Amino acid sequence: MNNIIKLFIFILSITFVNAQEAEKVKEQGHGNTNKFRQLYDELATPTTYRTASGAPGKDYYQQRADYKIDVEVDDHHQKLYGTSTITYYNNSPDALDFLWVQLDQNKNEKKSDTHCMDSELMGTVNRPEKFVKQHLHDKFDGGFNIQYVKDSQGNPLKYTINKTMMRIDLPTPLKSGAKISFQTKWWYNIIDHTFDRERSGYEYFKGDRNHLYVIAQFYPRMAVYNETEGWQNTQYWGKAEFALSFGNYEVNITVPSDHVLEATGELLNRAQVYTPEMLKRYQLAENTFDKPIIIVSQKEAINAENGFSEKKKTWKFKAENVRDFAFATSRKFIMDAMAVKLGQKNVMAISLYPKEGNPLWEDYSTKVVAHTLKSYSEMTFDYPYHKAVSVHSQDQGMEYPMICWNYGRPEEKGYVSERTKYAMISVIMHEVGHNWFPMIVNSDERQWAWMDEGLNSFMQYLTEQKWELNYPSRRGPVDKVIEYMSGEQRFLEPIMSNPENIINLGSNAYTKTATALNILRETVMGKELFDHAFKTYANRWKFKHPTPEDFFRTMEDASAVDLDWFFRGWFYTTDYTDIAIKDVKQYFITDQPNKEVRDYLEKMNKKVTDLMPLVYAVAADSEEYTPEMDKPFVITDVKPVEEFLNVNYIPSEQDKLLKPAYFYEVIFDKPGGLVMPIIIEVTYEDNSKETHRFPAQIWRMNDQEAVRVLGTSKKIKKIILDPNMETADIELKNNVWPKPLVK
């Protein structure tokens, strides 16, 4: 045999030509609906401000707002009084006719639309506390009382308040590159944050008649102006958080002299506001890296609870390049601290908590802060500030630069359940982690909750797993999102939705995003590529204002992985993963055509004798199949294959070829809308196992069905799809072959 024999393997799951098909009227044309098409229609066009790579462009700019603030907390009447001087720098190329200032406390005004923006049911059965809260309480008399807005010369500036936004009309436009200073004076009633889960306010302790204050959104704050939104002056309704500019702060806070206080920024007059003993202990903590040092003991805090000093102290803070400022103050606070080594600098991990938080808080809080600082720094960039403070406040989980409020309180007699302990550890990790997203990587929370909550929940998951083996994480593991993604579609929204319009914000922006990133890291990209791309995004946009496009583009730019299909499915739709094993067919190899082949050739006006030597794969369910045929495939049993190898391969080359003995055609279908990789675990007759992974691109030509042929050396006993639950598949019953018997 001198000529090369051409070998064709006919797989007999052939779709025969249907004569009626030719008579069909042509279907209407359609646009590109392929789920692997590029995201060009969804993403904003790249510009010189934000490049197609996802990096800031040569013309990128951001505004700046510096604040000098003096505030006093009236501990008798729960009021806050303040004055401020704001200096606003117009770094944009535009002249600004007016400025927009956020007045978020106005959400708590009696007349606020927030109280009536949601549907409300009477409820056939109610708990007494809910009934009293809903029907017997008058609306809280909150909101800013603005007493003046003046220019730097003391002249009144015209302003208009629209709910939670204040427009300041400028006498002359603020030119590009110019700055303006103006002064404000205000006061407001501080709300009981435990009554309606407010982000800021006080908690009252009946037993000792004290208040614990966690204060934020307490001053008029500049809105963001940029090239993507113009002024970000969307009203504050409560769910969607904040969009803020970076700046420098000088803040003086006056409180009763027996209070212990912490805040954003560096404490400038520690020697004046600390007792000598506190100062000595703090200096020890600055050089202690293995355990927290008590700065204010529980005994000292209990003594202070009974004091109610009428004297006052002013705590002076300075913070540079932060987007916000917050503080916590109470005479009830216990305080501890320790140092954390990050790169070439030391950072202080600090906790403040009332006795009601012990023994849990003294045992864990500061250690968790230190652990979180290390973990997040490894994944992104070293923490740039000099401290991170965790404050215990009932039912709170809220974040600000360098300081956060966290829940987790033992029962009255000090019992701490495992659930309470892990919830407290997790919330501290989460809120301290927010220093990275969005306090430094400063995304627009008012528009995109997932950009801080989702990214941070993902980072929290990694930090939890470093804290303890098999840590019971609530967000991040794939199985935690399945119930939400398999829910009724009318209760689901894409991740790319405004947080005010999402029914279940926690499951959507937090859990689903964290799971998506976990899958992206573990299953789609791999840890090395993902970690490099994620760190690139964090470093590109630290102390800047990223958009979703900047994240999506950077993840591709830094990894060379096309992720448009992934971001479209997970972020822009409510599709879910459901991939199934539709069928598995076993084949034997022969050079004898069966009836199916002969019938097909006859329709094509061909005869077997007219064709060159061929080899055929005959399905085990073929009517010509017999049990004797179910034997291992041997090359010498099929002459065309043997002859082809002998002509085209020398013996040493033949030795390197695979030697499959059995052939299986595995057919997958996809009841769910998401395209995802296919992962199968094959179990052989000898109980050995093997995993096969096929990329998501297997669906690019057919979104409904994918087929793979497995050539194996051993007979297959069982196939399981997504054996380790990597893809968030919502239906596991169709993931097994052979299908289990239904009892």
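The values are calculated or read from the model by the stated rules, or taken from the named source; none is laboratory data. Keep in mind the model is a prediction, meaning the values are calculated, not measured. For neighbour counting, all protein chains shown are included, and Cβ atoms are generated from backbone atoms with ideal geometry for every residue, glycine included. Ligands, DNA and RNA are excluded from the accessible area calculation, which covers all protein heavy atoms including side chains. Shrake-Rupley method; radii C 1.70, N 1.55, O 1.52, S 1.80 Å.
General observations
- Exclusive hit being open to solvent by less than 30 Å² (accessible area, probe 1.4 Å), on the phi > 0 side of the Ramachandran plot and small (G, A, S), set G526, G569, G506: G526
- In segment 638-653, the residue that is farthest from P593 (Cα to Cα) out of those that are more than 57 Å from the chain's Cα centre (by Cα) and open to solvent by 80 Å² or more (accessible area, probe 1.4 Å) is N646.
- If only residues of segment 383-415 that are touching a helix residue (DSSP H, G or I) at 6+ places or on another chain (Cβ under 9 Å) and open to solvent by 40 Å² or more (accessible area, probe 1.4 Å) are counted, the one that is farthest from Q465 (Cα to Cα) is E412.
- Among the residues of segment 192-204, at least one is open to solvent by 70 Å² or more (accessible area, probe 1.4 Å), in a loop (DSSP other than H, G, I, E, B), touching an Asp or Glu at 6+ places or on another chain (Cβ under 7 Å) and touching a residue at least 12 places away in the same chain (Cβ under 8 Å).
- In segment 466-478, the residues that are closer than 26 Å to W570 by Cβ form Cβ pairs under 6 Å with partners that are surrounded by 18 or more Cβ atoms within 10 Å (Cβ to Cβ) and polar (S, T, N, Q), at six or more places apart or across chains, as follows: K466/S375; R475/S457; R475/T511; G476/N518; V478/T515.
- If you go through segment 688-740 and keep only what is out of contact with any Asp or Glu (no Cβ under 9 Å at 6 or more places or on another chain) and either among the small types (G, A, S) or more than 29 Å from N32 (Cα to Cα) (or both), you end up with S688, A696, G711, S713, K733, V736, P738, K739, P740.
- Residue in segment 576-595 that is among the basic types (K, R), over 27 Å from L674 (Cα atoms), surrounded by 15 or more Cβ atoms within 10 Å (Cβ to Cβ) and out of contact with any Gly (no Cβ under 6 Å at 6 or more places or on another chain) present: no
- Neighbours by Cβ (under 8 Å, 6+ apart or cross-chain): first from segment 580-591, under 15 Å from G711 (Cα atoms) and modelled with pLDDT of 95 or more; second assigned to a strand (DSSP E or B) and open to solvent by less than 30 Å² (accessible area, probe 1.4 Å): V584/Y664; V584/E665; V584/V666; V584/I667; V584/I716; V584/I719
- If you filter segment 486-503 down to residues that are open to solvent by less than 30 Å² (accessible area, probe 1.4 Å) and aliphatic (A, V, I, L, M), you find that the one that is nearest to M451 (Cα to Cα) is I495.
- K544 of a type outside the set (A, V, I, L, M, F, W, C) and free of Cβ contacts under 8 Å to residues at least 12 places away in the same chain: no
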